[in-house]
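Worksheet for the structure shown next.
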Amino acid sequence: MNEPREVDLQTTTRTAASLLMDVLIRAGLVVALALLCYGVFAPFLTLIAWSVILAVTLYPMHQSLARRLGDRQGLAATLVVLAGIVLLLAPTVVLMSSFGDTVRNLVHGVQNNTLQVPTPRDNVAQWPLVGERLFAVWSQAHSDLPALVQSMQPKLGELARKALTVVAGIGSALLLLLAALIVAGIVMAYGRAGARAMRAIFVRIIGPARGAEFAALSTATIRAVAQGVLGVAFIQAILVGVCLLVAGVPWAGVLAGIVLVLGIVQVPAVIVTLPAIVWLWTSSGQSTGSATAFSVLLFVAGLADNVLKPLMLGRGVDAPMPVILIGALGGLATAGILGMFVGATLLALGYQIFMGWVDAGAANTPEAPLT
């Protein structure tokens, strides 16, 4: 009587073991395929990520232009890419040219002993911590600059190597941005199919109830970060750089780059503009009227982010602006500029999931009477 049951149990066990083995083998093959795909895709990961970010950010402009061109998606994408290249290259060429001229004049002045360093003021020695040492170095630079350069030769060589590394990094970043802009144009040309695919992915992962909502939230968050952090920082750097260049402030290109970095990490640009204003009034030889005009322009440009950021950051996003800002800064500290978009998007999605859970609990809880 028990033999048929034992045979059925053994058959069931073997079948279950066979099915489990099939599942494990298939899962292993899927993981191996995913790893191989990632290995092939990894060299282009940063480029594709930036392309998607640029495409998502510029897509509303692309669609508006396409409607005016009779829904010609390819032509609209081409025009947007060409405009982006011009807007990116023109200020960069001007500022880098200013940087190159300044460095060339500095090197020429040091080599020919024609560089004049002004006499330090006596109160410089009274500055805390660094006053005496700075006063001594400044005085030596004023009286005998070649000897100071010779004594600091090892440090200057190391500093020059670091500067070359930074310049090479800036050049590589610009080339990457140009390539990403071109790829973004291709993505925008097929943007409708891409939007449907991304929406389908979110629906598949999260479910039909909130998949489309989370896809829209991710898109809006990327645009908010691009416009409210990078966009504002870039606009402010251009404004400050042009003002410095027109006012004849030395190292205008370098200072504009510093403003860009400060804007990205959310540090006020007045750290750069205020010393430039001081230089205008003390060392530039400007007339009172021009110094006043340039000072006002620099001061306004240094505070432009205070007006632009509330207007652009968090606009169209169903999440508070502090959540977006904290996510962007946390991502920046963790994974650089690209991490800003990832961090802001993840924190916005997490905020929405958490608030959805809170609202669901509140809906099932009877409201307590007010006392």
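Going by average Cβ density within 10 Å per residue, which order do the peptides 49-60, 185-196 take, highest to lowest?
On the way: 49-60: 20.6, 185-196: 17.1.
For the peptides 49-60, 185-196, the packing ranking is 49-60, 185-196.
Give me the three principal axis extents of region 21-64 from the C-alpha atoms, as integers in angstrom, largest value leading.
Sorted from largest, the Cα extents of region 21-64 read 54, 21, 8 Å.
Quantify, in whole percent, the carbon and sulfur part of the accessible surface of region 181-314 (1.4 Å probe; protein heavy atoms only).
Values: 4790 of 6400 Å².
Here it works out to 75 percent.
So what is the accessible area of region 203-356 per residue, in Å², with the probe set to 1.4 Å? Please report the intermediate quantities before stating the final value.
Details: 7130 Å² over 154 residues.
In whole numbers, region 203-356 has 46 Å² accessible per residue.
Where the centre of each part is set by its Cα atoms, how far does region 210-235 sit from region 320-353, in angstrom?
That distance is 10 Å.
Sorted by accessible area (1.4 Å probe), largest first, how do 355, 321, 21, 312 line up?
Ranked list, largest accessible area first: 21, 321, 355, 312.
Excluding residue 188 itself, what net charge comes from residues whose Cβ is under 14 Å from its Cβ, given Lys and Arg +1 and Asp and Glu -1? Write down the numbers at each step before the final one.
Values: positive: 67, 72, 192, 223; negative: 71.
Its environment carries a net charge of +3.
The values are calculated or read from the model by the stated rules, or taken from the named source; none is laboratory data. Please read these numbers as outputs of a predicted model, since none were measured by experiment. Heads up, the Cβs are rebuilt from the backbone with ideal geometry, glycines too, and the neighbour counts pull from every protein chain shown. Accessible surface is based on the protein model in full, side chains and every heavy atom, while ligands, DNA and RNA are left aside. Shrake-Rupley method; radii C 1.70, N 1.55, O 1.52, S 1.80 Å.
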